[in-house]
Every structure is written in structure tokens, then in C-alpha cells.
Amino acid sequence: MASETMTSSEYISHHLTNLTYGNHPELGWKIAETAKEISDMGFMAINVDSMLWSLILGSLFLWLFSRVARKATAGIPGGLQNFIEMVIEFIDDNVKSVFAHKNNLIAPLALTIFVWVFLMNTMDLIPVDWIPYLSSLLGVHYMKVVPTTDLNITLALALGVFALILFYSIKQKGITGFLAELSLQPLGKWALPFNLFLELVGLLAKPISLALRLFGNMYAGEMIFILIALMPFWSQWLLSVPWALFHILIIFLQAFIFMVLTVVYLAMAYDHH
């Protein structure tokens, strides 16, 4: 597609640029048409494609699972019901093995995170030129279809988890207990500043590591697909198919790791020290 009329660097830059809507200091609120316009918009901007695809995939998850739940039968289940039940049992077993406390929110949260992140990751398997090319026919300049290659999305997910960590830590231990946990361990009250520094670093590292791990792995995978697309046509299929097969494992593992770490962090929030 565009690789025929762009240089390699322009092609890579184009595929890694989001469709952005924001407040340009000179042009006002608009959809950016160039990378410079995106840069000029600064913080007052939103990546429309990332938001659009994440909402579409989240809606797909809700529609599919609710449809199967409404039509579930105690008799011989169909293939889709069988698959959904396997996913739910897989998540439930993992939650029970990690989270020893009683909370009816944790298992549904884990299921939502796993399936939603998995669906967003799976968009990476669509050939990199297909959707951007169709979008260009409609006059859309940029279109990134893998939400988890956008740090804004992965960081938003991680901050949501972080908010739950803080909420349950304070709910279970009280504000005094939570602050004491941050300031009095591991070396006691005589090393309070040092304790506070260590505990705050560990606390803040949780959302940062969640966001960067998912973003880094998916961004690297997307970059490899883009580089393969720049190669001669005969070699694209030779390389893209093996990489896609391997990337399926990465897609699953990253969704699974994000889900498991979320449950682990929430279990830690419940634990008293």
C-alpha cells in the first residue's frame, strides 16, 4: 500500500502515529493531519483510534458473553458455550489459587481484564496495511488498530488497577493502618523516611510495570510486523506467518500476565502486615 509511495522511515512513522483529535494552539479543535500538529496539541488531545477500537472490542466482549449467558443450556452445550465456559473456569481457577479472600468483584474483574486485553492484543494479527488502507479511502490520515500499542491505553488500565489497590488497602486496614504499612516496614519506626521511600517506590512501581510491560511487548511485536511489510512481497509471507504464530503466544501471555498481576496486587492489598 503506502510503502510504494513512502520512504521506509515515513512508512514506519505513519503506521505508528495515532489518529488524534485535540486543541491546536493556532487551528483550534480538530483532527490532526500531520505529526507536527499532533505534537503541537500537547496534552489536550485524544487518540481517537485507540479509544474507538478499545470500545468496539470491549462492547464485543460484553455482547458475546451476555448472549451466551442468555442462551446457556444445562443440556449438551454448543461449541461457543463450551469455549466461554472453559475461559470462565480457567480464570476462576487462577483467581482462587491467588486470591484467598472473599470478594465478588475480583473474578469478574479478572475475566474482563483478560478477555478485553486479549482482544485488543489480537488486533495485532490483522495485516498492518489492511485497515489503514481502507481508512485512507475514507479520508482518514492515520489509523492504529492495536490499542495496547498505545501507552495511554495501557497506562489507563494500570491506573484503574492502582485505584482499586489503594481503595482496598484503605478499606481493609483503615487509613491509619495503610499509612503505618507504608512507613513502619521493613525496618521499624526508627527508619521511617527510608521505609516510606522503599514502600512508595514499590507501590508506584505496580501500575508503571503493568503499563510498560504490556505496551512494550505489543509495540515491539507491531514494529516487527511493520518491518516485515517493508520487505519484498515473496518474503513477507515467509516471515509474517511464523512470526504471527509465535505472536499468538505473546498475545495470550501478556493478557494472562496483566490479569494475574492484577489479582496478586489486590490480594496484597487485602493482606495485613
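Bear in mind these aren't lab numbers, they're just calculated from the coordinates by the rules spelled out. Bear in mind that the values here come from a model prediction, so they are computed numbers and not experimental data. Quick reminder, even Gly has a Cβ in these numbers, built from the backbone with ideal geometry, and neighbours come from all protein chains shown.
Descriptive notes on the structure:
- Summary of the geometry: segment 198-265 and segment 86-112, compared by the centres of their Cα atoms, lie 23 Å apart.
- Residues 67, 213 in ascending order of nearby Cβ atoms (within 10 Å, fewest first): 67, 213.
- The largest-to-smallest principal axis extents of the Cα set in segment 89-206 are 66, 36, 18 Å.
- For the chain: relative contact order, % (alpha-carbon pairs under 8 angstrom, 6 or more apart): 24 percent
- Charge tally for residue 15 (other residues, Cβ to Cβ under 11 Å; Lys, Arg +1; Asp, Glu -1): -2.
- Over all pairs of different C-alpha atoms in segment 7-116, the reciprocal of the mean inverse distance, the Kirkwood hydrodynamic radius, equals 17.7 Å.
- Measure of compaction for segment 73-146 (Cα Rg per 2.2 N^0.38 Å): 1.62
- From least to most packed, judged by other beta carbons within 10 angstrom and beginning with the fewest, 59, 54 follow the order 59, 54.
- J(HN,Hα) series, segment 89-103, from Karplus relation 6.51 cos²θ - 1.76 cosθ + 1.60, nearest Hz, glycine and proline x: 5, 4, 5, 4, 5, 5, 5, 5, 6, 10, 9, 8, 9, 9, 7
- Cα centroid separation - segment 56-77 against segment 163-182, whole Å: 36 Å
- Positive minus negative residues near residue 63 (Lys, Arg vs Asp, Glu; Cβ under 15 Å): +3
- From helices alone, the chain scores -24500 deg cm²/dmol at 222 nm; the rule is -39500 (n - 2.57) for each run of n ≥ 4 DSSP H residues, then divide by the residue total.
- Signed unit charges on C-beta, dipole axis of segment 113-237, positive-most listed residue 236, 116, 209: 209
- Nearest-0.05 FRET efficiency for residue 62 and residue 5, computed from C-beta distance (R0 41 Å): 0.55
- Lysine pair count for segment 93-248 with Cα-Cα distance under 24 Å and sequence separation of 8 or more or different chains is 10.
- Globularity index of the chain, i.e. its alpha-carbon radius of gyration over 2.2 N^0.38 Å: 1.19
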